[in-house]
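Have a look at the structure below, then the notes.
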């Protein structure tokens, strides 16, 4: 039974989690409740949180589903860091002020204008269709394939075709190709800088980013996800070189 997994947290893990967070009797009782929640209770808490904060986005059910596409998975024997992350996350998602702030932000950003277009069902489907292409670029970069090789040029052409389909426009002319390449070259330094700065996680003043960080700590995926993000960033630099005018094959 899924709910039986929480029993492992009622042993030595529980008192140490509480000792590390000294507080009033009420705070200790709350900590005990958070730590000893069953799998079903944890899932229900997160689902109720997203149902609340996504209110107003119901016309875009795919985007709403994406928001909670990677819920936290606390293991049977969590580390102290994972347990602390769960306590912080559970406290955060239970806070009405945090919920209101995230709900307002989501609605401000994604209910009209460019933000609405960026998370439309067609846009989300387009992002998903581009994933194999980016993964091929990751593997080509890792294998030492030159950006001006036939494979590099093929992937660059496919990337431009994907952009063209997404925006219903042509990006084949040399000036636009060069502009897109220069834009891609800016992705890697920005991502690597963000990864370095966020080693301790986003601050509590940025609840959406803090939520995502805590989920990855709880699920034990933070390191692998960051490594994948860094790989993607390097692949974008590789693609930017493939798009540079000097690598365009002659007609």
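What follows draws every value from the coordinates through simple rules; no lab data is involved. This is a predicted model, so every value here is computed, not measured. Cβ: placed from backbone, ideal geometry, glycine included. Neighbour counts: every protein chain shown.
Points worth noting:
- In terms of other Cβ atoms within 10 Å, 180, 218 run from fewest to most in the order 180, 218.
- Residue exposure proxy: 160, 214, 124, ordered by other Cβ atoms within 10 angstrom of their Cβ from fewest to most, comes out as 124, 160, 214.
- For segment 71-93 versus segment 198-237, the gap between their alpha-carbon centres in whole angstrom: 15 Å
- Counting beta carbons within 10 Å around each of 103, 182, 177 and listing the fewest first gives the order 182, 103, 177.
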